[in-house]
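J.: Handing you a structure now.
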Amino acid sequence: MKYFYSVFFGLLIACILSQSRLSMAYASLGLSLWFEKMIPALLPFMILSGVMVRMHLIKSFTKIIYPLINPIYHVSHAVCYGMFMGFLCGFPMGAKTAVELLENQEISEQEANYLLSFCNNIGPVYYISYALPTLERQMKIPYLLGMYGIPLVYGFVLRYTLFRKMTCKIHEKTTKIHFSDNILEQLDITINSSLQSILMLGGYMILFNLINILPHLICGYSNGLIAQIMEISGGLKISGNKTPFFSLCALSFGGLSCLAQTNSCLRETRLSIKTYLIHKLVITSIMIGYLCVWRVVFPKVFLA
């Protein structure tokens, strides 16, 4: 394996040196998408979520949605919060929130694994404002049902099968946090952590977009299918609306860049990236089936 990595990265370096203009174009694509799309969409959520977790404000925050979620999923306030952030904010906030909750002893390791199994997806703001317009899709409801309804149903099924014995961790602090004395300290810690995470995300986006130089040199053109597997945002930019079926499935999976970002969040925990990958592949497979059924049942409005 070390030999393979040496050959791969040696080849990539050679391509960068020999094709400097092309490599700069791919790297610039990753950098611009990170700066223009990811930072505004994710960094505020990272900071706010981190502060809330560290100051143990989750229970009060989830009072509104907990009565709706708990009768269905039977989870704690902290897990409910992890579900909310994972679906609202998108990659890799689902994984990052689960790890933060676990590190702050708000949830158990089993609950963290449960969150990872279905709560780390493309964010709805990104999906509606960037992905669907790029694919030139006019309808919204069928795509939203597929992208978010499938993981929600999958999480429901898992709760009563694989995670049926999961017990809700009840975590009560013995000491109260005084807001005025701790907010600036917690904010400072959270901003540092969030900036590190967003920089890691940018690095992965640049690297995985840059790797597209290899199939480009082999095929003689930018391969949108491979690009979407490598890094979904750059891949969508390259392929546009040419392969909507494949793009929707790739969005469900997230691409190898999102997988690497999730692994980065899990690196210092005992949570398994392999188990996460299995669940993600299952959800993507169900998405493929959903699109096929849609095509058969409603052919006139398929991918409209």
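J.: Take the residues of the stretch 84-123 that are assigned to a loop (DSSP other than H, G, I, E, B) and of a type in the set (A, V, I, L, M, F, W, C): which is nearest to the chain's Cα centre (by Cα)?
T.: So the residue we want is Phe91.
J.: When you scan the stretch 185-304 for helices (runs of 4 or more DSSP H) that lie fully inside it, which ones turn up with 1 or more residues that are within 20 Å of the chain's Cα centre (by Cα)?
T.: Passing ranges, in order: 224-230, 232-239, 244-253, 255-266, 273-297.
J.: Take Leu11 and decide whether it is in contact (Cβ under 8 Å) with a residue 60 or more places away in the chain, touching a helix residue (DSSP H, G or I) at 6+ places or on another chain (Cβ under 9 Å) and surrounded by 16 or more Cβ atoms within 10 Å (Cβ to Cβ).
T.: Against the criterion (in contact (Cβ under 8 Å) with a residue 60 or more places away in the chain, touching a helix residue (DSSP H, G or I) at 6+ places or on another chain (Cβ under 9 Å) and surrounded by 16 or more Cβ atoms within 10 Å (Cβ to Cβ)), Leu11 does not qualify.
J.: A further question on this structure: Can you name every residue in the stretch 211-233 that is at pLDDT 90 or above and within 13 Å of Leu135 (Cα to Cα)?
T.: Gln228, Ile232, Ser233
J.: Just to be sure I understand the filter: pairs with C-beta atoms under 8 Å, separated by 6 or more residues or on different chains, first member in the stretch 32-53 and surrounded by 22 or more Cβ atoms within 10 Å (Cβ to Cβ), second member outside any helix (DSSP H, G or I) and at pLDDT 85 or above. Which pairs pass?
T.: Taking only residues 6 or more apart or on different chains, the pairs are Leu42/Gly123; Val53/Asn104; Val53/Glu106.
J.: May I ask you to list the residues in the stretch 140-162 that are buried (at least 18 other Cβ atoms within 10 Å of the Cβ) and in a loop (DSSP other than H, G, I, E, B)?
T.: none
The values are calculated or read from the model by the stated rules, or taken from the named source; none is laboratory data. Source: prediction; values computed, not measured. For neighbour counting, all protein chains shown are included, and Cβ atoms are generated from backbone atoms with ideal geometry for every residue, glycine included.
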